[in-house]
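Down below is the structure, laid out as C-alpha cells.
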Amino acid sequence: MSSAFEIIEKDAIVVHIPTATSRVRQRGYDQARLIAKACARNAGLRHLSLLMRLGQERQVGVRRSQRLRQLERAFRIKHPLLVKDAHIVLVDDVVTTGATLEAAAKALKDAGAKKIEAIVFAQA
C-alpha cells in the first residue's frame, strides 16, 4: 500500500493544526495531533507541535470571509528556530473552506518555513 508520505522528503517535519482547547477539553484529545503523530511515525518523519492556537472561536457554520478574519492572528509559532528553513507538512483533520490551513501556513511561512505542504483527512 502506498502512502502520500512516500513522496515527501525525509527531513520534513509533520506539524498538526491544533484544535481549539475548548474542543480538546470536550473530547479529551486533539484528533489532528493524533493523526499527525501516527502519520509521522508510519512515514519515519518527525512530528513536532510547533503551532499554538490563540482564540477559541468556533468555525462551524461561519462563512469563509468571517473565518479568515477570525483566523488572521490565530496561530503563534512555539519554536521559531525549528521552523526557519524547514520543510513542513501541515496536518489537519477536516477542511471546510481552507481558511484555517491558510492561516497556519501563513504563520509558518512568516516564521521562515522553506516549504509547506498540507494533508487533510476529510472535507466538510
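When we screen Gly44, Gly55 for residues that are at positive phi and either modelled with pLDDT of 95 or more or under 16 Å from the mean Cα position of the chain (by Cα) (or both), the only hit is Gly55.
Taking the conditions (1) among the acidic types (Asp, Glu); (2) at pLDDT 95 or above; (3) under 21 Å from Leu34 (Cα atoms) in turn, Asp93 satisfies each one other than (2). The residues of the stretch 20-57 that are closer than 20 Å to Lys109 by Cβ and among the basic types (Lys, Arg), listed by number, are Arg46, Arg53.
Applying the condition of being exposed (fewer than 13 other Cβ atoms within 10 Å of the Cβ) and not acidic (Asp, Glu) to the stretch 81-124 and asking which residue is nearest to Asp30 (Cα to Cα) yields Ala122.
crowded, with 16+ Cβ neighbours inside 10 Å, in contact with a Ser or Thr (Cβ under 8 Å, 6 or more places away or on another chain), at pLDDT 95 or above and not β-branched (Val, Ile, Thr), is that true of Arg67? When the stated conditions are applied, Arg67 does not pass them.
Just wondering, is there one or more residues in the stretch 28-41 that are of a type in the set (Asp, Glu), at pLDDT 85 or above and in a loop (DSSP other than H, G, I, E, B)? Scanning the stretch 28-41 turns up at least one residue that is of a type in the set (Asp, Glu), at pLDDT 85 or above and in a loop (DSSP other than H, G, I, E, B). If the condition is being touching a residue at least 40 places away in the same chain (Cβ under 8 Å) and of a type in the set (Val, Ile, Thr), then the stretch 98-119 contributes Thr100, Ile119.
The values are calculated or read from the model by the stated rules, or taken from the named source; none is laboratory data. Note that the structure is predicted; figures quoted are calculated from it, not measured. Glycine gets a Cβ as well: all are built from the backbone with ideal geometry, and neighbour counts include every protein chain shown.
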